[in-house]
Amino acid sequence: MRISFALALLGCLAVAGCVGGPATPTPAVEADTPSGTPAVSPTASPSPTPDATRTPTPTGPTGTQSATETASATATVPRGNVSVEYVIRMDSLPDHVANVTLEFGGVYFSERPDDIDSCAGVAPPMDNRYDPTPTPLPTPAGACWDAGSASAVTFVPGDGERSLGTFEAPGRFDGGDMLVVRDVVVRLENGTAATKVYDTDFTLARTEPTTETVGLAVSISYDPDSTDRPWDYTVETSLFDPTD
């Protein structure tokens, strides 16, 4: 209503022959009127002759002000960093295994959930001699973030959980995160490393993660008498919630 009044006032002053000055608008007030009693109309007081040389300044909000205020109210607040902490646990080891060492290839974040598997490269981390020839992964359509690599960790029987630390990326890389495991070294009590070990390189990838901490449980199984596979040791993995 204030914007319409200002425009009408400007139009009147611009036309030659307008009589009367700008009258102060009386706000409409709703009130209860007793039945049968007519409402009394206020008597307008005489208005001074307008000064034709003075350009009135409209009051109240203008369209420019409203647009500015709206833009300020809806400004996007920058997002904070996204982060992930990996916690590793060794669940079980054969009795004759002295320790197991996990070596890592890196931690990656992606803008798009569909890209996370390709952020470490289009060649999957499947260089184990028991793996088939891997199929190349598609090139990421969005951007990826390399958050660096974690230090290797070694577990002996009875060890508890180990944190690899917290890795961060700018907030737009919230499509997924991935930990790359490049090697699992199984060392026997005689000091030698086992050679017939399967699945020593793999990834732990999540899309649109809802938690900042994820647990990876690792177990080593031993079956030298198996006739349906050429390896004796198998690396088995599962996820767990470190907060439980």
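We did not get these values from a lab; they are worked out from the coordinates using the rules stated. All of these numbers come straight from a predicted model, not from anything done at the bench. Glycine also receives a Cβ, built like all others from the backbone with ideal geometry; neighbour counts cover every protein chain displayed.
The table for this structure:
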quantity	calculated
Candidates per trypsin sites (Lys or Arg not before Pro) in segment 128-231, loop by DSSP, up to 12 other Cβ within 10 Å	R129
Residue order, fewest to most surrounding Cβ atoms within 10 angstrom, among C119, C144	C144, C119
Rough spin-label spacing in nm, given labels placed 7 Å along Cα→Cβ, for D131 and F240	2.5 nm
